[in-house]
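The values are calculated or read from the model by the stated rules, or taken from the named source; none is laboratory data. It should be emphasised that the depicted structure is a prediction, and the values quoted were computed from it without experimental measurement. Here the Cβ positions follow ideal geometry from the backbone for every residue, glycine too, while neighbour counts run over all protein chains shown.
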Amino acid sequence: MLKIKKLSKTYPSGIQALKEISLDVPSGMFGLLGPNGAGKTTLMKILATLLEPDSGTAEMNGIDLIIDKHGTRKMLGYLPQEFGLYPTLTAEQTLHYFAKLKGVHDKKERVALVDALFERVNLADARRQRVGGFSGGMRQRLGIAQALIGQPQLIIVDEPTAGLDPEERNRFHNLLSETAGENAVVILSTHIVSDVSSLCSQMAVIRHGAILASITPHQAIDQLKDSVWEATVPREQVAALKSRHQVISSQMLGGQARLRMIAKGAQPGEEFTPATPVLEDYYFDLVNQR
Amino acid sequence: MIRFTALAYALTSDTRYANMINPFQTRFAAIFQNEVRLNSRRVAPYVLMLFSVFNAVLWSAGLDATYYGQEVLAKYGRLWASNSDYYITHNFSGYALGIFGLPIFAALIMAEPVRRDFRLEIDALIFSKPVSRAQYLLGKFFGSFLVLVCCQASFAATLIMFQVFPTSQMFVLPFRLLPYFKHFMMIVVITYVLFAAVYFTVGTLTRNPKIVYGLAIAYYPLVFFYGFFFLKGLPPRWRVLLSPLMLREVQIQTWGRSPEWVDQLVVTYTPIMFANRALVILAAAVCLTVVCLRFRIAEPPAKPENFSCLNLSAGSEVLYYDPPILQPTRGSTASEIRSVRVEKAEAKATAVPSVSSSNTGLRANLAKLAAALGVEFRLLRAERSLVVITPLAVFVPNLELAFYRVVPEGSYSATYATGTARTLLSFLIGMTVFYVVESMQRDREVRIEPVLWAKPTPNSVLLLSKFLATFLLMLSVITIAGLTAIAIQLLRGHAPVELYPYLVTYSVILIPGIVFTAGVSILLNVVLREKYLTYVVIVGVGAGLSYLYSQGYNLWLYNPALYQLWTYSDLTGAGGGRILTQRIYWLALSCLCLALAHLGFRRKSAKGFRVNGRLGSTGWALVVTVLSLVVAVVTGSMIK
């Protein structure tokens, strides 16, 4: 389990990216949700030993992630939100290089590992091509492959599916689920709520550098039981309804507005019918409330 | 954001009314002001200001330190007045000539304005506003040029200040302001209108700042060849008219004259000089016209990206759908979801094998260093510049030996070895700086740093791989140049060929020189972080040292290249011990630079000097720092 305690980070520009956040991350897939600028990437970078926090601790398997950076890097698989690769190296050379840096010195083992990783990310046919000629999706897949080198116990993936087509996104999700296994912690930072709902057994919502909630997706959905309502109303009524109720989404359809709102307790109006809550409802409710 | 909104507002507002109300609210003015503001956030203008102030201090207060100043002081008891007409023009001429790299700084400021908009992808936002090409380009040009002139003015301002606060060795006439303004405008500002226009035109039309920087570096040989081969042969009138710098024309020969005679000189401009300045301004206007006519908003055609023809995933005929079972239905646990996903995985999916890894101990780190070194070599091999620079570095030092009469000093081999070493060292220093800076900045430029830095690799491996790759590259250049010299020696029949002179000369003179250059370049990269700033500082310091050496200040303690301080007999004879001490001094300083670079490296490894009861990498770096410092101090104090 990864234990984060009172982690704070303020950038030299004065922006307080993290405000004493504490979080317990169990083994398995953990989703970190939040809008842009919430502090997700800052937290990821601190956990990946690339950024120094101002205060606080993070500990996993007896290793202090803030102090013992070398120890952390040994068990880490990191896929940043934005990254590049040496364009003149081939995919194979790149992966062998990263495997060597990860301490996989036995050539036989390394070759087998690299072969398997190429198969898993569907890049076996492109392994001898220069990375400079790769498309965005191929580069992303190579990034994923390098993050999985050497049985990492802590995998941090920051917006990993950006640039992937739906098929590859699906494949990547499968790969992550498998890798998470029983002992590894996989932190998936994203703003795509459906990714978290379909993959993660635990999640946290972060906004303005603070953790708003740490919960399982099912608990989150359960919290909104009998509270989500839907209605199709004339466009003119939308403003009045929004002022009275907590509208979480509105969609215009042929002059009519399809509203989805949260009203705990009583039915908000005759035109409203109960709706099955989904994780998006919980997320928007939480983010808009505070 | 507010500034950009202001710019966008100014660009979109109707100029018919804006012009009537306030000329500073036109689109041209908006772009001009924004350019000044953007430049004020850059490092280059401030560095140029510092260099200018430093130059002014050196040339005003440090005049008595030069040979000529000392001679005048000894003969007449005082120096020329630092604010005499002659000395003001003398200073401005030297400054405009660019002894301390002014043309390179001008290129740094003028190459980027338009390209920056394209790099930051703000071009589409600007060009979607009703702004004309001329408004945009002239706003950019004059905004940047104003910043350049303000930086240059810091040189003039420091000279003016020395009238009020002179040093004890300075002689000052009554306070004056107008001559400074007049000569600054005539000699510096008008000259640099042309340079700025040329840099801006090339930078804007090619959108490749490297070409502009290349042009700035080529300025020095171009000025030399233009003056030597073209102007020299012209009649005096034409020479004055066609000299872009107008240097010799405003300077008067003062050699052997008393300070009183020099002080009473008044520098005036003849009509032909005014015509020269008008011609320079006209040439700048032509450049700006060309850039206005030729500028295109569209990106220049780039080499098409070589996309691979892969059958991504299962092929295009398969439609994607999100399996409904993967949505979190109440009652289904995460492990259930996971098992479904695993079942759905393709049959060909290969299990990722378990591997053993080793990350501690000397052996593991040496293996990582070898891996990193291998990649550095692969990346170096892809550098096209090597194809041009290496043959030059190999053949230029051998040219004289190949085509001119060789007089043996001791032996032919010694003459060949020393002859090649002197010129080769300049090439090696330049190449070392270039390849170290490029390799140090490459990881950030290709954005591989976060991936690389998250691996359990010590900082020493990351830094040493770059150091060793450059060092080994230089070693191979030395070897090829030496073999070429031996081949020439054989072809010319200058037998016998002895290896010892080559080995001793190259190992004592060349190798410590490149080791120090690589070490100090790595340290500067770590400290300054900015690639071009690092280049500017290295070129500035190098030019400054060369200037000092040419003035006779070539002491051992600040002369890593041993410039003018060695002959072959010194290496093998009685002077050998002294030179060896000096080389140990510089090697110790190289170690110090590398250790400091390790300590200051942005990627942090471990907090504290001890990790798990043993000395950590920071601790080791500190030990090396102290040891190198001790060796440098001891050997430095031994050098006489």
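Some points to look at:
- Restricting A:Q267, A:Q246 to residues that are modelled with pLDDT under 85 and surrounded by 15 or more Cβ atoms within 10 Å (Cβ to Cβ) narrows the list to A:Q246.
- Residue among B:L615, B:L627, B:L548, B:L555 that alone is touching a residue at least 24 places away in the same chain (Cβ under 8 Å) and either away from chain A (no Cβ under 14 Å) or within 28 Å of B:K466 (Cα to Cα) (or both): B:L627
- Evaluation of A:K40 against (1) under 22 Å from A:E280 (Cβ atoms); (2) surrounded by fewer than 22 Cβ atoms within 10 Å (Cβ to Cβ); (3) in contact (Cβ under 8 Å) with a residue 12 or more places away in the chain (one fails), failing number: (2)
- Here A:T232 clears all of (1) outside any strand (DSSP E or B); (2) in contact (Cβ under 8 Å) with a residue 12 or more places away in the chain except the condition numbered (1).
- Failed item, numbered, when A:M29 is tested on (1) more than 12 Å from chain B (Cβ to nearest Cβ); (2) at pLDDT below 95: (1)
- All of A:K45, A:K69 fail the test of being within 13 Å of chain B (Cβ to nearest Cβ), surrounded by 24 or more Cβ atoms within 10 Å (Cβ to Cβ) and among the charged types (D, E, K, R), apart from A:K69.
- With respect to the conditions (1) of a type outside the set (G, A, S); (2) touching a Gly at 6+ places or on another chain (Cβ under 6 Å); (3) more than 7 Å from chain B (Cβ to nearest Cβ), A:L95 lacks only one, and its number is (2).
- Applying the condition of being modelled with pLDDT under 90 and either assigned to a helix (DSSP H, G or I) or farther than 19 Å from A:P87 by Cα (or both) to region A:122-137 and asking which residue is farthest from the other protein chains (Cβ to nearest Cβ) yields A:G136.
- Test for A:Q153: is it more than 7 Å from chain B (Cβ to nearest Cβ), under 21 Å from A:L65 (Cβ atoms), in contact (Cβ under 8 Å) with a residue 12 or more places away in the chain and not acidic (D, E): yes
- Test: B:E409 is among the acidic types (D, E) and away from every other protein chain (no Cβ under 14 Å): yes
- Test: B:A351 is assigned to a helix (DSSP H, G or I), free of Cβ contacts under 8 Å to residues at least 40 places away in the same chain and within 10 Å of another protein chain (Cβ to nearest Cβ): no
- Yes/no for A:A116 being touching a helix residue (DSSP H, G or I) at 6+ places or on another chain (Cβ under 9 Å) and either modelled with pLDDT of 90 or more or at the interface with chain B (Cβ under 7 Å from one of its Cβ atoms) (or both): no
- Any hit, region A:159-166, residues being within 11 Å of chain B (Cβ to nearest Cβ), in a loop (DSSP other than H, G, I, E, B) and surrounded by 19 or more Cβ atoms within 10 Å (Cβ to Cβ): yes
- Any hit, region B:430-444, residues being of a type in the set (D, E) and in a helix (DSSP H, G or I): yes
- The helices (runs of 4 or more DSSP H) found entirely in region B:171-287 that carry 2 or more residues being in the same structural domain as B:I88 (by TED's automatic domain parsing), among the hydroxyl-bearing types (S, T, Y) and modelled with pLDDT under 85 are B:209-225.
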